[in-house]
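A.B. asks: I have a structure I would like to understand better, so I am pasting it below and will then ask my questions one at a time.
The values are calculated or read from the model by the stated rules, or taken from the named source; none is laboratory data. Note that the coordinates shown come from a computational prediction; the quantities given were computed from them, not determined experimentally. Cβ coordinates were reconstructed from backbone atoms using ideal geometry, including for glycine residues, and neighbour counts include every protein chain displayed.
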Amino acid sequence: MRTAWLKIRMGLSVVLLFAVIYALLVVIAAFLGGTGSGMMIIYALLAFVLVGVQFFIGPKIVERSMRVRYVSEQEQPELHRMVSELAMKAGIPKPRVGISEIAIPNAFAFGTSKKKARVCVTRRLMEMLKRDELEAVLGHELSHIKHQDMVVITALSVIPMICYFIYFSFFWSGIFGGMGRSREGTLPMMAIALIAFVVYFISNLIVLYVSRIREYYADAGSAGLTGKPHELASALYKMIYGGASVKQKKVKKEMGSMRAFFAADPITARTDLKDLRAADLNKDGKIDEYELRAFAERARVSRADRLMEIFSTHPTPVSRVKKLGEYL
């Protein structure tokens, strides 16, 4: 029941996303009649090809960007043991296990399927977290694999890309084609371009919203696998603390274009840390079960944070920790 509303919101968001692209195609058909159908097919195929190429070469890009080195059971027996136990509980094949050599404490999962999934942690994260905290983080990442979040988000990202192709094509056709065309012929092209751009913007926001819901869903998955949502809250707190201690120049260098792969955004870590410190009542550097319950009851997410969250792949840490309190 705790995750039922998350599933409903996710389903409604996907329906809305397809409704938006359908409405755009109806508008284009109304403007152009049957002449634009061939172009729509081409745009859709092009978007699928580009996203498909990105999907299949993505793991190699992640490995190189995040400086991943895969480790054997002999090198990291405890890490492998945790991953094996959690994978068995989750009912998925054991993913390949790696260590990322970047300076920011982080964990992430990626891959093209459950069978080809990888789960990685940074060495700094392993040094910072206690066993139960690390297990909770791994539970979150394995829940992403179980739910096939990488596949879902990649598939949904096709729709904004189609909208962008439509906008780009009709905008420049209106600009250059308008030189030898009457105003009556140019205006429909520019109108379609404008509508396509608005739909592109809206569809991107919907994809980001789905991404945030899937983060909540992975948090719920971790709580279900470990039975210790407070350990995930504590791990998130420590990850933010660790990210805040890294110089911003180094943060930007380490992150590159992989911001979505960070469980706690190091760019906003210092602000997030101020918000989450209120959860650590005894100031011992972690969040226990009592502290999580107390924080979940009294914490409030500011309007500014809610507004900024709209443009993010992850919920704010305060929102996530509050939600984790519901699983106690």
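A.B. asks: Among the candidates 109, 117, 103, 136, which residue alone is buried (at least 24 other Cβ atoms within 10 Å of the Cβ) and within 19 Å of residue 71 (Cα to Cα)? So that I can check it myself, show each step before the final result.
C.D. replies: Working: 109 fails: buried (at least 24 other Cβ atoms within 10 Å of the Cβ); 103 fails: buried (at least 24 other Cβ atoms within 10 Å of the Cβ); 136 fails: within 19 Å of residue 71 (Cα to Cα).
After applying the criteria, what remains is 117.
A.B. asks: Looking at this structure, is residue 289 acidic (Asp, Glu), modelled with pLDDT of 95 or more and out of contact with any strand residue (DSSP E or B) (no Cβ under 7 Å at 6 or more places or on another chain)?
C.D. replies: On the way: acidic (Asp, Glu): yes; modelled with pLDDT of 95 or more: yes; out of contact with any strand residue (DSSP E or B) (no Cβ under 7 Å at 6 or more places or on another chain): yes.
Yes, satisfied.
A.B. asks: How many of the residues in the stretch 270-328 are surrounded by fewer than 18 Cβ atoms within 10 Å (Cβ to Cβ), of a type in the set (Val, Ile, Thr) and in a loop (DSSP other than H, G, I, E, B)?
C.D. replies: Residues that pass the stated criteria total 2.
A.B. asks: Another question, if that's okay. Got at least one residue in the stretch 57-70 being under 21 Å from residue 107 (Cα atoms) and of a type in the set (S, T, N, Q)?
C.D. replies: Checked the stretch 57-70: at least one residue is under 21 Å from residue 107 (Cα atoms) and of a type in the set (S, T, N, Q).
A.B. asks: Here's another thing I want to ask about it. Out of curiosity, is residue 85 over 18 Å from the mean Cα position of the chain (by Cα) and surrounded by 14 or more Cβ atoms within 10 Å (Cβ to Cβ)?
C.D. replies: yes
A.B. asks: Are any of the residues in the stretch 38-61 modelled with pLDDT of 95 or more, over 30 Å from residue 192 (Cα atoms) and among the charged types (D, E, K, R)?
C.D. replies: First, the residues of the stretch 38-61 that are modelled with pLDDT of 95 or more: none.
Scanning the stretch 38-61, I find no residue that is modelled with pLDDT of 95 or more, over 30 Å from residue 192 (Cα atoms) and among the charged types (D, E, K, R), so the answer is no.
A.B. asks: Continuing with the same structure: In the stretch 250-298, how many are hydrophobic (A, V, I, L, M, F, W, C), free of Cβ contacts under 8 Å to residues at least 24 places away in the same chain and under 26 Å from residue 131 (Cα atoms)?
C.D. replies: Total meeting the criteria: 3.
A.B. asks: Out of 127, 73, 101, report the one residue that is touching a His at 6+ places or on another chain (Cβ under 8 Å) and at negative phi.
C.D. replies: It is 73.
A.B. asks: Among helices (runs of 4 or more DSSP H) lying entirely in the stretch 77-174, which contain 3 or more residues that are among the β-branched types (Val, Ile, Thr) and under 26 Å from residue 14 (Cβ atoms)?
C.D. replies: Once the helices (runs of 4 or more DSSP H) in the stretch 77-174 are filtered for at least 3 residues that are among the β-branched types (Val, Ile, Thr) and under 26 Å from residue 14 (Cβ atoms), what remains is 149-156.
A.B. asks: If residue 13 satisfies every condition in (1) of a type in the set (S, T, N, Q); (2) without any contact (Cβ under 8 Å) to a residue 24 or more places away in the chain; (3) surrounded by 14 or more Cβ atoms within 10 Å (Cβ to Cβ) but one, which is the exception?
C.D. replies: Only one criterion is unmet by residue 13, namely (2).
A.B. asks: Can I ask one more? Among the residues of the stretch 97-114, is there at least one that is of a type in the set (Asp, Glu) and in contact (Cβ under 8 Å) with a residue 24 or more places away in the chain?
C.D. replies: Within the stretch 97-114, one or more residues are of a type in the set (Asp, Glu) and in contact (Cβ under 8 Å) with a residue 24 or more places away in the chain.
A.B. asks: Right, another one. Give the residues of the stretch 62-76 that are of a type in the set (A, V, I, L, M), touching a Ser or Thr at 6+ places or on another chain (Cβ under 9 Å) and either part of a helix (DSSP H, G or I) or in contact (Cβ under 8 Å) with a residue 60 or more places away in the chain (or both), sorted by residue number.
C.D. replies: Hit for the stretch 62-76 is 66, nothing else.
A.B. asks: Still on this model: Considering (1) within 21 Å of the chain's Cα centre (by Cα); (2) more than 23 Å from residue 141 (Cβ to Cβ), say which one residue 41 fails and leave the rest.
C.D. replies: All conditions are met except number (1).
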